[in-house]
1. Of these, Ser62, Ser78, which one is among the polar types (S, T, N, Q), touching a Ser or Thr at 6+ places or on another chain (Cβ under 7 Å) and modelled with pLDDT of 95 or more?
2. Give Gly263, Gly278, Gly285 a once-over and let me know the one that is without any contact (Cβ under 8 Å) to a residue 24 or more places away in the chain and either part of a helix (DSSP H, G or I) or farther than 27 Å from Gly197 by Cβ (or both).
3. Condition test on Ser123, is it assigned to a loop (DSSP other than H, G, I, E, B) and within 19 Å of Ser97 (Cα to Cα)?
4. Given the conditions (1) under 30 Å from Ala148 (Cα atoms); (2) in a helix (DSSP H, G or I), which single one is not true for Asp248?
5. Considering the stretch 146-159 alone, what residues qualify as being over 12 Å from Ser100 (Cβ atoms) and crowded, with 18+ Cβ neighbours inside 10 Å?
6. Kindly indicate the residue of the stretch 246-283 that is polar (S, T, N, Q) and closer than 15 Å to Thr230 by Cα and also surrounded by the most Cβ atoms within 10 Å (Cβ to Cβ) among those meeting that condition.
7. Considering only helices (runs of 4 or more DSSP H) fully contained in the stretch 1-111, which possess at least 2 residues that are among the polar types (S, T, N, Q) and open to solvent by 50 Å² or more (accessible area, probe 1.4 Å)?
8. Quick one: in the stretch 229-245, of everything that is within 33 Å of the chain's Cα centre (by Cα) and part of a helix (DSSP H, G or I), which residue is nearest to Leu261 (Cα to Cα)?
Amino acid sequence: MQSVSIIGIGRLGGALALALANAGYRIENLIYRSRSIAVEISERISPSPQLISFDDLGDLNSDVIFITSADPEIKLISSQIAAKVKRNSLAFHASGSLSSEILSDLAEAGCGTGSMHPLVSISNPMRGSERFAGAYFCVEGRDDAVAAAKEMIARLGGQAFSIDTRFKSLYHASAVTASGHLVALIDIAVEMLSKCGIEPGEAKSILMPLIKSTVENLGSQSSEDALTGTFARGDSEAFDRHLNSLTDNVSDEVRQVYLELAGRSLDLAERHGSAADGHQKIRNGIKLALLPGK
């Protein structure tokens with residue numbers, strides 16, 4: 001049974017500890033800055049891992065080491081533990097935007113280095129530990145690290161894919177757009193609906209079935225096939241009504257977001273092969289509305 005040490009016990013680190021323990025790995029050490037979360041995670045793992053404050057960290061003899069701290073700390077942690085790890089251990093970070101090259105100090109110390117980033121939203125370590133099954137993980141790094149990562153991912157019930165190291169930040173921007181920006185977009189939709197006199201919490205509840213059905217459609221259809229509504233139909237009159245109401249009731253920022261997405265929705269409609277007469281009218285309206293001072 002491979003032993004694992006995890007440095008940085010927050011939402012992702014805690015979820016990974018729980019999931020790997022359930023997948024048959026021995027969680028040897030949880031290295032923390034906030035003890036309370038580490039204690040809560042440790043109590044759910046058998047046998048219980050050792051809890052170590054980062055300031056008290058000694059030698060690390062685990063087979064696998066994960067750095068799941070915030071991105072700006074990864075390089076520093078790598079350099080600080082390089083003299084403490086055993087040679088030929090495997091070291092990973094879980095950042096989406098950084099490549100394994102940031103673990104160069106550990107590579108020089110004889111570790112196989114890689115990155116293993118789960119494409120799943122984790123807001124709580126307990127719930128998050130159950131979300132790795134079926135999730136995709138982006139992996140890259142040295143061959144031995146990539147092979148070990150793929151084995152871990154398979155045992156977690158996930159699926160691995162790899163990209164060229166130079167595209168790591170673009171990959172992460174895509175993930176942020178699909179997740180974090182989606183949350184921001186829905187928040188804008190909730191704000192719009194709340195302007196109609198509906199309390200924000202209720203507005204979100206009203207919109208959630210629509211959001212879920214759209215995501216379900218995207219799961220089985222292309223983007224252009226899943227597009228419905230005003231822009232799919234080329235309903236220029238509805239667009240004009242939207243724009244007038246947005247101008248009267250929401251901020252310029254919200255209106256700008258609507259217009260930018262309107263242009264992309266028209267692109268999807270055209271990729272679908274639609275040639276509704278209203279599409280060009282809408283596109284002209286978008287261009288006019290985006291002019292300075294409009």
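The values are calculated or read from the model by the stated rules, or taken from the named source; none is laboratory data. On a predicted model such as this, the values are computed, not experimentally measured, just so you know. Because the Cβ atoms are built from the backbone with ideal geometry, glycine has one as well, and the counts that use them run over all protein chains shown. Areas reflect the complete protein model, heavy atoms only, side chains present, ligands, DNA and RNA absent. Shrake-Rupley method; radii C 1.70, N 1.55, O 1.52, S 1.80 Å.
1. Values: Ser78 fails: touching a Ser or Thr at 6+ places or on another chain (Cβ under 7 Å).
Only one candidate passes the filter, namely Ser62.
2. Numbers: Gly278 fails: without any contact (Cβ under 8 Å) to a residue 24 or more places away in the chain; Gly285 fails: without any contact (Cβ under 8 Å) to a residue 24 or more places away in the chain.
Going through Gly263, Gly278, Gly285 in turn, the sole match is Gly263.
3. On the way: assigned to a loop (DSSP other than H, G, I, E, B): yes; within 19 Å of Ser97 (Cα to Cα): yes.
Considered against the rule, which asks whether it is assigned to a loop (DSSP other than H, G, I, E, B) and within 19 Å of Ser97 (Cα to Cα), Ser123 comes out as yes.
4. Exception for Asp248: condition (1).
5. Taking the stretch 146-159 and keeping what is over 12 Å from Ser100 (Cβ atoms), we get 147-148, 150-159.
Answer for the stretch 146-159, where residues must be over 12 Å from Ser100 (Cβ atoms) and crowded, with 18+ Cβ neighbours inside 10 Å: Ala148, Lys150, Met152, Ile153, Leu156, Gly158.
6. Filtering the stretch 246-283 down to residues polar (S, T, N, Q) leaves 247, 249, 251, 256, 265, 274, 280.
Narrowing further to those that are closer than 15 Å to Thr230 by Cα: 265, 274, 280.
Working: Ser265: 20, Ser274: 17, Gln280: 13.
Of everything passing the filter in the stretch 246-283, Ser265 is surrounded by the most Cβ atoms within 10 Å (Cβ to Cβ).
7. Details: elements: 11-22, 35-42, 71-81, 104-108.
Where helices (runs of 4 or more DSSP H) fall fully within the stretch 1-111 and carry at least 2 residues being among the polar types (S, T, N, Q) and open to solvent by 50 Å² or more (accessible area, probe 1.4 Å), they are 71-81.
8. Among residues in the stretch 229-245 that are within 33 Å of the chain's Cα centre (by Cα) and part of a helix (DSSP H, G or I), the one nearest to Leu261 (Cα to Cα) is Phe231.
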